[in-house]
1. Counting only residues that are part of a strand (DSSP E or B) and within 12 Å of the chain's Cα centre (by Cα), which one in region 377-392 is surrounded by the most Cβ atoms within 10 Å (Cβ to Cβ)?
2. For region 279-289, which positions are hydrophobic (A, V, I, L, M, F, W, C) and modelled with pLDDT under 95?
3. Mind listing whichever residues of region 228-251 are part of a loop (DSSP other than H, G, I, E, B), open to solvent by less than 80 Å² (accessible area, probe 1.4 Å) and of a type in the set (Gly, Ala, Ser)?
4. When you go through (1) charged (D, E, K, R); (2) over 23 Å from the mean Cα position of the chain (by Cα); (3) at pLDDT 90 or above; (4) open to solvent by less than 70 Å² (accessible area, probe 1.4 Å) one by one for Lys123, which number turns out not to apply?
5. Regarding region 79-86, can at least one residue be identified that is at pLDDT 95 or above and touching a Pro at 6+ places or on another chain (Cβ under 6 Å)?
6. List the pairs whose first member sits in region 317-343 and is open to solvent by 20 Å² or more (accessible area, probe 1.4 Å), whose second member is among the aromatic types (Phe, Trp, Tyr) and at pLDDT below 95, and whose Cβ atoms are under 7 Å apart, counting only residues at least 6 apart or on separate chains?
7. For region 199-213, how many residues are outside any loop (DSSP other than H, G, I, E, B) and within 20 Å of the chain's Cα centre (by Cα)?
8. Looking only at region 312-363, which residues are touching a Leu at 6+ places or on another chain (Cβ under 7 Å) and outside any strand (DSSP E or B)?
Amino acid sequence: MIIDGFMKNKIIISLLLLVQFAASGQTLQNYAVKSDFIYGNILKHTDHLKNLVKSPVMGAELAVEWQTMGEKPWHQYFGFPAIGVGLVGLDLGNPEMLGQLLAIYPYLNIKLVDLKYLKINLKGGAGASYLNKTFNDSIVYKSDGVTIDLNNSNAAIGSHLNVYFAGGGNMEVPISHGFTALAAFTWNHASNGSFYQPNSGINMLNASVGLKYCPAYKANYHPVRKEISDMPQKFTFDIIASGGARELYYKDNRMYPTGSLAFAAYRQVGNNVRLGLGIDGFYDGVYDGTTNFKRTYLKTDELKNKIRVGVSLQPEMVFGKLTAGFHLGLYLYNPLKNLEPYAAAQSNIQNKPLIYSYDIENEDGWFYTRASLKYEVTNHIFASLGLKTHLQKAEFIEWGLGYRFK
């Protein structure tokens, strides 16, 4: 299937990032093995999930973690973070409908408090996940000719292979002989970026407790600060062309092309942060009037309804050749806003202002966001991966190539 090939690309990219992290020159002997027991809950952010969520989330995570020693300048800029690879297994509390999740992901553990008997860290990572129950499995399960009721099927996820995000805080208390007690509170997310429907996604708030063991604790590896140059405080400019595809509604059984063109000016405002202001142009082929999903009142296939233009604030963190950010955008040109929600657009002519009140369940609104990853291939060319969303709802994934003017 197309979805399988697409998700395999996601896994390959995640593993390439994992290899880049793991092979970035840190002292390989200074590693630790971690094991955590996980207990939490799925957030009921849609009506469908209110019927799906039955019991708490339970599972475990195994991870291998390396302490950076300052081999790269960004290690020191971030206070010598730990780089890890985690393997997670979770039961989602409804075996028949939601099933189980398995995920692998690279992550960073950044120190916020680093004392002899207490360490507090901020953790973030992204990778790939596999779900053994999807909406399509619900259809098979009810293959007696009965029309599928979204409220009684897995309307959260339509694909087995998905992305996986993890972020939160954790605490470490050294015990003795290389052992450390762990406690954490994290947000976890699995979805396919609306490439395949349905895609409400699964958002979880999970707590965990566990142990960490460092085999080389007697060697007493500790990073030492060195005299290194600060990042140049100068402007750079990025231009990115991206493409992709997505479904809007599971009954359409059709992929629509998507694309974007983005230009942004950035200023390095610290050794590990840069701040940008960008102009974004988006193309979404969904809005050609053919979808069975009556959320937008469209009767014709016109290019103007597929184009949106916005301006965005783009804070990004810099990890050497890799930058990661979360962009916040405002639509300046959005003809769709007057065509949604369906009932209101059908009954009267709308002329909404630039900023207006709206219900995200019925329309996209004026605000958009993007989770962004960029990796420098050469001094000027970089690969780009973005997830464009409207609040908690994913619109499409942006696979792009960019050029950086320095």
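The values are calculated or read from the model by the stated rules, or taken from the named source; none is laboratory data. All of these numbers come straight from a predicted model, not from anything done at the bench. Here the Cβ positions follow ideal geometry from the backbone for every residue, glycine too, while neighbour counts run over all protein chains shown. To get the accessible areas, we keep the full protein, side chains included, count just its heavy atoms, and leave off ligands, DNA and RNA. Shrake-Rupley method; radii C 1.70, N 1.55, O 1.52, S 1.80 Å.
1. Going through region 377-392, the residues part of a strand (DSSP E or B) turn out to be 381-390.
Those still in the list that are within 12 Å of the chain's Cα centre (by Cα) too: 385-389.
Numbers: Leu385: 22, Gly386: 24, Leu387: 21, Lys388: 26, Thr389: 20.
Looking at residues that are part of a strand (DSSP E or B) and within 12 Å of the chain's Cα centre (by Cα), I get Lys388.
2. In the first step, residues of region 279-289 are kept if they are hydrophobic (A, V, I, L, M, F, W, C); the result is 279, 282, 286.
Matches in region 279-289: Val286 only.
3. If the condition is that a residue be part of a loop (DSSP other than H, G, I, E, B), open to solvent by less than 80 Å² (accessible area, probe 1.4 Å) and of a type in the set (Gly, Ala, Ser), then no residue fits.
4. It is condition (2) that Lys123 fails.
5. For region 79-86, residues at pLDDT 95 or above and touching a Pro at 6+ places or on another chain (Cβ under 6 Å): present.
6. Cβ pairs passing all conditions: Phe319/Trp74; Gly320/Trp74; Leu339/Tyr297; Tyr342/Tyr297.
7. The first filter runs over region 199-213 and keeps only residues outside any loop (DSSP other than H, G, I, E, B), leaving 202-213.
If we keep only those that are within 20 Å of the chain's Cα centre (by Cα) too, we end up with 202-207.
Residues that pass the stated criteria total 6.
8. Leu339, Ala345, Ile360
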